[in-house]
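Engineer: First, the structure itself, so that you have it in front of you.
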Amino acid sequence: MIMIMIVLGGVTRLTGSGLSIMEWAPLMGALPPTSNAEWHRLFALYQKIPQYALVNQGFGLAGFKQIFWLEWTHRLWGRLIGVVFLLPMLWLWITARIERRLIPRFCLLFVLGGLQGAVGWFMVASGFLPDSTAVSPGRLVVHLALALILYATILWTGLSALHPWSDRTAAPPWLKLLASTSLGLLTLTIVAGGFTAGLHAGLTYNTFPLMDGHLVPQGYAALHPLLRNLTQNIAAVQFDHRLLATLTLILVTTTAVACWRARLPRKLCACLAAAVIAQYLLGVTTLLLAVPVPVAALHQLGAVVLLTVLLIVVHRLRHAPRRHIELPQAANLPGADRPRERMANRNRAARPGG
């Protein structure tokens, strides 16, 4: 459900639908408009923001309904995730089917999920500022990063619950370091992709591998101070995403080959290599076609799939303590014969004349 939520969020951003609902109503917002008067009221609110005046002016109530339903579905799906997480957690907690050590983590995850809704509204509110037609790229990246943290934590917890007794994979320390480094590099690449999406940087420099005829685009360091270019300069942001994606392709492919040679499951190694290659090709295709919504949504989905497979690899290579305890046989325990002796004495005492 979180994976679908991330893709829905990407489509919402690509279509500019995120600003169509100007009210944050955590409870009542779950209900869609039920009357024509309510539709007109919401449309009148939307007509007051810069996005309508500068981008969508004159597209009418029918056009507003299209972007409204997408954003409403995105928010409703977030509420459903909370319900699907909370109710089973409470039931399993009450019936003592969850290990006590996991309860604080689950409670924290639920709180972070609720916080994600607040961060989402904080992001959307940035699009209501004067002369703003989209949300702030920085707030967008925070919203995306928190969603990925929730996804990764739940996935890791699920893997640990499914395979608590799995044997450690025999692998050299450098392979575990390689896999962890690949995961860190992928994370940086996704964050850079968030800034690329937030600045709509994919709509420019639609050639590959050169950017306007140059390997490093002109104007890469146009802003001052220099660090501003990393998050605000379209040329620099797109180049950084390209560079990080290429490094990720090389490093993750190397990890897949190394895992194959270390005798990890062949299907897992093949999935890792296929996921990173497919994701790279989707990124190039998205760029060359000037960011069509279906391809861009697949590119965002591909990032989550690649993150999933890489997390599985890292989890398999982890140094986790084993909670499996070999209990000695009862017959070998000191004093194991005493209960049997006491029972025999009782039986003798109960006999007539005993």
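Engineer: State to the nearest 20 debye the size of the charge dipole of region 110-263 about its Cα centre, where the only charges are +1 on K and R beta carbons and -1 on D and E beta carbons.
Structural biologist: Dipole about the Cα centre, nearest 20: 440 debye.
Engineer: Report, in debye and to the nearest 20, how large the dipole of the chain comes out about its Cα centre when Lys and Arg carry +1 and Asp and Glu carry -1 on their Cβ.
Structural biologist: That gives the chain a dipole magnitude of about 1960 debye.
Engineer: With +1 on each Lys and Arg Cβ and -1 on each Asp and Glu Cβ, and nothing else charged, work out how big the dipole of region 50-186 is about its Cα centre, in Debye to the nearest 20.
Structural biologist: Around 360 debye, computed over region 50-186.
Engineer: In addition: As an exercise, use a Förster radius of 56 Å and the Cβ-Cβ distance of residue 290 and residue 90 to find the FRET efficiency, rounded to the nearest 0.05.
Structural biologist: About 0.75, to the nearest 0.05.
Engineer: So, one more: Rounded to the nearest Å, what's the spacing between the alpha carbon centres of region 210-234 and region 28-81? Just the number, please.
Structural biologist: Between the Cα centres of region 210-234 and region 28-81 lies a distance of 36 Å.
Engineer: For residue 24 and residue 145, what does the FRET efficiency come to when R0 = 30 Å and r is the distance between their Cβ atoms, rounded to the nearest 0.05?
Structural biologist: 0.90
Engineer: Could you tell me which residue out of 299, 36, 59 lies farthest along the dipole of the chain toward its positive end? Charges go on the beta carbon: Lys and Arg +1, Asp and Glu -1, centred on the Cα centre.
Structural biologist: Value: 299.
Engineer: Here's a follow-up. Want the number for residue 161 to residue 180: 0.36 nm per residue separation, take away the alpha-carbon distance, what's left?
Structural biologist: Here the segment from residue 161 to residue 180 would lengthen by 4.8 nm.
Engineer: Note down the nm distance, to one decimal, between modelled labels 7 Å out along Cα→Cβ at residue 39 and at residue 121.
Structural biologist: It is 2.6 nm.
Engineer: Among 219, 144, 272, whose Cα projects farthest towards the positive end of the dipole of the chain, with charges put on the beta-carbon of Lys, Arg (+1) and Asp, Glu (-1)?
Structural biologist: 272
Engineer: Pairs of alpha-carbon atoms within less than 8 angstrom and 6+ residues apart define the contacts here; what relative contact order does the chain have, in percent?
Structural biologist: 18 percent.
Engineer: Let me ask you something else. Residue 65: which lysines have alpha carbons under 18 Å from its alpha carbon, excluding same-chain residues fewer than 8 sequence positions away?
Structural biologist: Answer for residue 65, where 18 Å is the Cα cut-off: 48, listed by chain and number.
A short reminder: the numbers here are calculations on the coordinates, not readings from a lab. Quantities reported herein were computed from a predicted structural model and do not represent experimental measurements. Positions of Cβ are backbone-derived with ideal geometry, glycine not excepted, and every protein chain shown enters the neighbour counts.
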